Amino acid sequence: MATLQLTKESHKDPAKFRITYEDADRVLGEKKTWLRAEGPALKTSSKIAIIGGGFGGIAAAMRFKKELKEDDFVIFEKHDKFGGTWYANTYPGCASDIPALWYSFYDELNKNWSELLPPQYEMEEYILQVVKKYMLEQKARCKSAIEKFVWDDDNSEWVLHGVNLANGQPIEHRAKIVASARGGLVMPNQFRAKGLENFKGAYMHSALFNHNVSFKGKKIVVVGNGCSGNQLVPALIRDYEPESVVQIVRSKHYIMPPLPSVLHKLYQLLSFSRLGLVIVRILLVFGAELRYPMYAGDGFFARLVRRACTRQSLRYMNKYCPDEYKPYIIPDYKIGCKRIIFDKYYMPILRDSRLRIQGGEISHVEEHAVVMKDGTKIPADIIVACTGYDIKANSLSTTIIGRNGQDVGELWKNEGGMSAYETVMVKGCPNMFHIAGPNSATGHASVVMAIENCCSYIMKLTKPILAGKYASVEVLPQAYDNWFTTVQKKLSTAVFGTKFGGCVSWYSAEGVNSTAYPWSQITYWWRMNHPKWHELENPRESHKRPQDFRIKYEDAAAVLGPHATIAANDAQKPLYSQSKIAMIGAGVSGISAAMTCLKQGEDDFVIFDKHDEFGGTWYANTYPGCACDIPAVWYSFHDEVNSNWSEVQPPQYELEEYILKVVDKYGIRKKAFLGTAVTVLRYNDKEATWTIEARDVKSGRKRVHTAQLVLSGQGFLVQPKQLSAPGLQEFQGEYMHSAVWNHNVDFHGKNVIVVGNGCSANQCVPVLLRDYGVKSLTQVARSKHYIMPPIPDSLHSAYQAFAGTRLGILLVRYVAASVCELRFPLFKQFPFLTSLVAWFNHSASTRYVEKTCPEKYQALVTPDFHIGCKRLIFDHGYMPALHDERMELTDSTIAQVEAHSVVLKDGRRLPADIIVACTGYDVVKSYHSFDIVGRNNTDIQALWTKEGISAYETTLVRDCPNLFLIGGPNATTGHSSMILAIENACNYFAKVAGPVLKGSAKSVCVKTEKYYKWFETIQEELKHSVFGTPLGGCASWYTSGGVNSTTYPWSQVTYWWRMSHPKWSELEYEKVGGEEKKER
């Protein structure tokens, strides 16, 4: 942030800082003479297109460049210079009507304004100096008018059509984001009077002032007495030597005394520093904000402020206004109904003998006179119309065609008036932002502040788009409609051109106020800096193209299918490579491990994965309805919380998109050997290194890789547990496991058998019925599960409300985690607490089932074991799907599979075209997916087969120095986020492997006796839990061969604590340069 200092060159040569009349008339006059040429359009593109080179466009360009470091933008401006209204409005006396220190960019405060309300040419000089400082000239396409915007749904971008006013060449420009800063006070509201076309004198609008016309000795008629008339009339009388000036008053305005000169003196006193300028600016803001209540309703404070301001204005007006003019000048409505005018020279000039105020309506115009309806004839050589602007015509002068061909002009017409959500966005128009759009004007504040507020909002919404997090953002239709209703209702009780205000004003047209903002400027600032994310839609690439975010069936079947094998091709020479660290698995565990290494300053690592893309289970599991089964705000990386999850439990492809964004952000992709399956992991005792043998899954070529440390995050929900049923090999239809889904199979009109009713089936079944057009669906339930009510929408609403900041997201994350931790007693034996939590959750599940499940199926889905013995299922549409007439749920198991049918043990033969096995995973097989040979040739697979799969603190295995299992044995809690457990393990690795990473130790390993002590302790603890134990009363995949290698016996808080505070005495480090082993 800095300050500017003007040269005041504009005071020496004002003409240099204003548009020529000919150019202004060509662009803005009634008879636009835009040059148009035949031929092809000039086709260009940029990330961002900014429309308008005034304050709004410049502010947007500054913020994109400075705040988002984005300079791929183009500024289209129909005039030949920047400045907007301050370049085009050049009538005598034209000046800022609020203090320039407030009517300027916050980041570029000016140290030497000549006065509180400086003239037009000084404002234009300031603007041009800012433009030069930010080098915006090179981004400008001046003399370029944009006439039409069309949203391209296929490419998620806007196509802008216009014309180059210099040579007539058509323009076609493509941009992902459009910031429209065309302004409202642009198109002159021309004076309409019978006979005007016969007038022999000079006619001009104040917004198209013709400086070529001489006013000396002329009879001038000024029509209008708003802000422009208030500034123009004194200047004409003082500087232009007219014979006479007659001002025809069309309405009355509250005119306040001139701003006190002490403000300018204070500004000059403190202008030596930016802090001083900011202090004065803040004083101006709060001084104006104190007037806000007079606009809003009829409360006590509103009446108090309104009375004080009315008295101040009337006292000043009565002091200077001649009695004969008071009936035309003194208002009789509530102050604020029209914009208040801070006087500069107007009231004192009313006593000038050359000026006459004329009330009444105009009848017609003659060749040399204006005739009033009462018959008064006013001689006229020049008529100047100070009749304001046609805001509606200007807004509708450009065609906007949004999503699905929606014409915004027609939308506004059909809905009763112009509107923009939060003054910025129109429904059906993704990535289009209006700067100082409908309802952005406050009656008491700086429009530049409003512009900068809009830009703050735009920066927040476009930042994730420019970062590639999602393709577009738009307001939800309901939010847009609610905004329009709320704003109009609020304004109907305000004074802005309403019956309550007692006047007719340009604020309102046809019963709709599309101009005024109904709240204070501070409220505007707050709302613009805190977007309501839940009222916005952020379409993601994965939602548009889910197939791009999932594995191909052929590739999945090759490594995970029932006949999957990794071919060995030893005809090709092996590839050799090495790194300090190697990760096995490119899912959440491997990515988290890579992020941890990068945080530790270690980038010498590689990642192996058998799939051809990152994502792990979220790349491979693609069955219909596949989604996160806990809140995604918790099932995500702590350092990369996401601000725009589409729902509490987003679908697989959205999670995969999130994962890939993280991968790309951290540059992890270049570190990966994808499509490479690890077959052997062997420890070299002498070198204290690991040798990884792997095969390319397609070519079979061998790779031999050496690494000092290995982090294995291969996961345990990997190898599908295939359906085992007699005769399955004779089945002539399609068979697939939910974990290896074949999207090439057409389900329409087919008889489908789904085997299993766990988490996968709970998600899959409803979608098959809803979206896949199945003829019938029979679900063979193998066991029962506690099905909980869906996670409440209030959690997602809270997430959306707080998603504007990382702190807000973390707050929601910690609340979700804390609530889940409250369920931990459910899984253990705490005399009173366990019973209480179990009763609460059991009741919630039972009530939900009784309420939503058909009565005939309630016995089939209601468990008779301890709640928590199996993983709880938060319903994802399953219970309502049971009411579908095509659906049948049965607990009769499969006796035989035939060519085209399935025979159940109850004797029924069911027609079957497709069999889907939702039969879970083979956890033991997943841990045995490659051989591990540790220190002294210890065969870890043989050890685990004999003793049970285990890892000390879920991470370290005996005789395996420098090997860390991420998300390893017993890392799963029955109530928590697996990613939290993974990040805890990565934190443990960073601490325990620290000496090895720093080179002060050669290796680290758990002491053998401590490994077994851990195994005994954890298995004993788990016997007193409900996880697949006699206490729990059920059989579960948690336990195999009497050993539970899956679940963690304590709370997630305990897990975090233990991972953060290693027991150093239970570890042994090998000294560098020798074989001595020692405790840390």
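Results for (1) crowded, with 23+ Cβ neighbours inside 10 Å; (2) at pLDDT below 95; (3) part of a loop (DSSP other than H, G, I, E, B); (4) touching a Leu at 6+ places or on another chain (Cβ under 9 Å), shown as yes or no for each residue.
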position	(1), (2), (3), (4)
ILE357	no, no, no, yes
SER363	no, no, no, no
ILE378	no, no, no, no
LYS392	no, yes, no, no
ASN404	no, yes, no, no
GLU410	no, yes, no, no
CYS429	yes, no, yes, no
PHE433	yes, no, no, yes
CYS455	yes, no, no, no
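If you go through region 1-38, how many residues are of a type outside the set (Phe, Trp, Tyr) and over 22 Å from THR398 (Cα atoms)?
The total comes to 20.
Hey, any hits in region 987-999 for a residue that's of a type in the set (S, T, N, Q), closer than 29 Å to ILE791 by Cα, within 37 Å of the chain's Cα centre (by Cα) and assigned by TED's automatic domain parsing to the domain that holds GLY561?
no
Confirm whether LEU236 is of a type outside the set (Lys, Arg), assigned by TED's automatic domain parsing to the domain that holds VAL371 and within 46 Å of the chain's Cα centre (by Cα).
No; evaluated as a whole, the condition is false for this residue.
I'd like to verify a number: residues in region 956-986 that are part of a loop (DSSP other than H, G, I, E, B) and either among the hydroxyl-bearing types (Ser, Thr, Tyr) or within 36 Å of the chain's Cα centre (by Cα) (or both), how many?
9
Kindly provide the set of residues from region 681-730 that are in contact with a Leu (Cβ under 9 Å, 6 or more places away or on another chain), among the basic types (Lys, Arg) and assigned to a strand (DSSP E or B), ordered by number.
Within region 681-730, LYS702, ARG703 meet the criteria.
For the condition of a type outside the set (Gly, Ala, Ser) and closer than 22 Å to ILE391 by Cβ, what is the one hit in TYR87, TYR106, TYR121, TYR134?
Answer to the check: TYR87.
Scan (1) under 30 Å from the mean Cα position of the chain (by Cα); (2) at pLDDT below 95 for the single condition ALA558 breaks and write down its number.
(1)
Among the residues of region 701-721, how many are modelled with pLDDT of 95 or more and farther than 30 Å from ALA993 by Cβ?
Looking only at that region, the number is 1.
For residues that are in a helix (DSSP H, G or I) and not hydroxyl-bearing (Ser, Thr, Tyr), scanning just region 598-651, find the one that is nearest to the chain's Cα centre (by Cα).
Per the stated criteria, the residue is GLU640.
Which residues, counting only those in region 96-133, are in a strand (DSSP E or B) and within 18 Å of HIS11 (Cβ to Cβ)?
We begin by selecting, within region 96-133, every residue in a strand (DSSP E or B); these are 108-110, 119.
Hits for region 96-133 are ASN110, PRO119.
Checking the condition touching a residue at least 24 places away in the same chain (Cβ under 8 Å) and in contact with a Lys or Arg (Cβ under 8 Å, 6 or more places away or on another chain), which residue from PRO477, PRO464 passes?
PRO477
Of the residues that sit in region 760-816 and are β-branched (Val, Ile, Thr) and in a helix (DSSP H, G or I), which one is farthest from VAL903 (Cα to Cα)?
Ranking the candidates gives ILE809 first.
Within region 464-484, how many residues are more than 16 Å from VAL424 (Cα to Cα) and either assigned to a helix (DSSP H, G or I) or modelled with pLDDT of 90 or more (or both)? Walk me through how you get there before you give the answer.
Restricting attention to region 464-484, the residues satisfying the condition of being more than 16 Å from VAL424 (Cα to Cα) are 464-471.
Subsequent filtering for residues that are either assigned to a helix (DSSP H, G or I) or modelled with pLDDT of 90 or more (or both) retains 464-466.
Residues that pass the stated criteria total 3.
Taking the stated definitions as given, is ASP548 of a type in the set (Asp, Glu), part of a helix (DSSP H, G or I) and outside the structural domain of ILE451 (by TED's automatic domain parsing)?
yes
Cβ contacts < 7 Å: first residue more than 17 Å from ALA781 (Cα to Cα) and surrounded by fewer than 16 Cβ atoms within 10 Å (Cβ to Cβ), restricted to region 714-732; second residue at pLDDT 95 or above and of a type outside the set (A, V, I, L, M), any location; separation 6+ or different chain. Result?
Here the result reads PRO726/GLN896; GLY727/GLN896; GLY727/GLU898; GLU730/GLU898; GLN732/HIS900, each pair linking region 714-732 to a residue that is at pLDDT 95 or above and of a type outside the set (A, V, I, L, M).
If GLU367 passes every condition in (1) out of contact with any Asp or Glu (no Cβ under 9 Å at 6 or more places or on another chain); (2) in a helix (DSSP H, G or I); (3) loosely packed, with under 14 Cβ neighbours inside 10 Å but one, which one does it miss?
(2)
Out of the residues in region 1047-1064 that are in contact with a helix residue (DSSP H, G or I) (Cβ under 7 Å, 6 or more places away or on another chain) and either under 24 Å from CYS1005 (Cβ atoms) or small (Gly, Ala, Ser) (or both), state the one that is surrounded by the most Cβ atoms within 10 Å (Cβ to Cβ).
First, the residues of region 1047-1064 that are in contact with a helix residue (DSSP H, G or I) (Cβ under 7 Å, 6 or more places away or on another chain): 1047-1049, 1051-1053, 1055-1056, 1059-1060, 1062.
Add one more test, that the residue is either under 24 Å from CYS1005 (Cβ atoms) or small (Gly, Ala, Ser) (or both), and what stays is 1048-1049, 1051, 1055-1056, 1059-1060, 1062.
On the way: TYR1048: 25, PRO1049: 21, SER1051: 20, TYR1055: 23, TRP1056: 17, MET1059: 22, SER1060: 11, PRO1062: 19.
Here the residue is TYR1048.
Please count how many residues of region 179-222 are buried (at least 23 other Cβ atoms within 10 Å of the Cβ) and on the phi > 0 side of the Ramachandran plot.
Selection size over region 179-222: 1.
For region 262-305, which residues satisfy the criterion of being touching a residue at least 40 places away in the same chain (Cβ under 8 Å), of a type outside the set (A, V, I, L, M, F, W, C) and either closer than 16 Å to MET449 by Cβ or part of a helix (DSSP H, G or I) (or both)?
If the condition is that a residue be touching a residue at least 40 places away in the same chain (Cβ under 8 Å), of a type outside the set (A, V, I, L, M, F, W, C) and either closer than 16 Å to MET449 by Cβ or part of a helix (DSSP H, G or I) (or both), then HIS264, TYR267, ARG274, ARG281, GLU289, ARG291, TYR292, TYR295 are the ones that fit.
Between a residue in region 1003-1027 that is more than 16 Å from VAL1043 (Cβ to Cβ) and any residue that is of a type in the set (D, E, K, R), which pairs come within a Cβ distance under 6 Å, given they are 6 or more apart or on different chains?
From residues that are more than 16 Å from VAL1043 (Cβ to Cβ), the pairs are SER1003/GLU1070; CYS1005/GLU1068; LYS1007/GLU1066; LYS1007/GLU1068; THR1008/ARG958; LYS1010/GLU1066.
Kindly indicate which of VAL678, VAL663 is crowded, with 21+ Cβ neighbours inside 10 Å, part of a strand (DSSP E or B) and of a type in the set (A, V, I, L, M).
Numbers: VAL663 fails: part of a strand (DSSP E or B).
Testing whether each residue is crowded, with 21+ Cβ neighbours inside 10 Å, part of a strand (DSSP E or B) and of a type in the set (A, V, I, L, M) leaves just VAL678.
The values are calculated or read from the model by the stated rules, or taken from the named source; none is laboratory data. Please read all numbers here as calculations on a predicted model, not as lab measurements. When we count neighbours, we look across all protein chains shown, and the Cβ atoms used for this are built from the backbone with ideal geometry, even at glycine.
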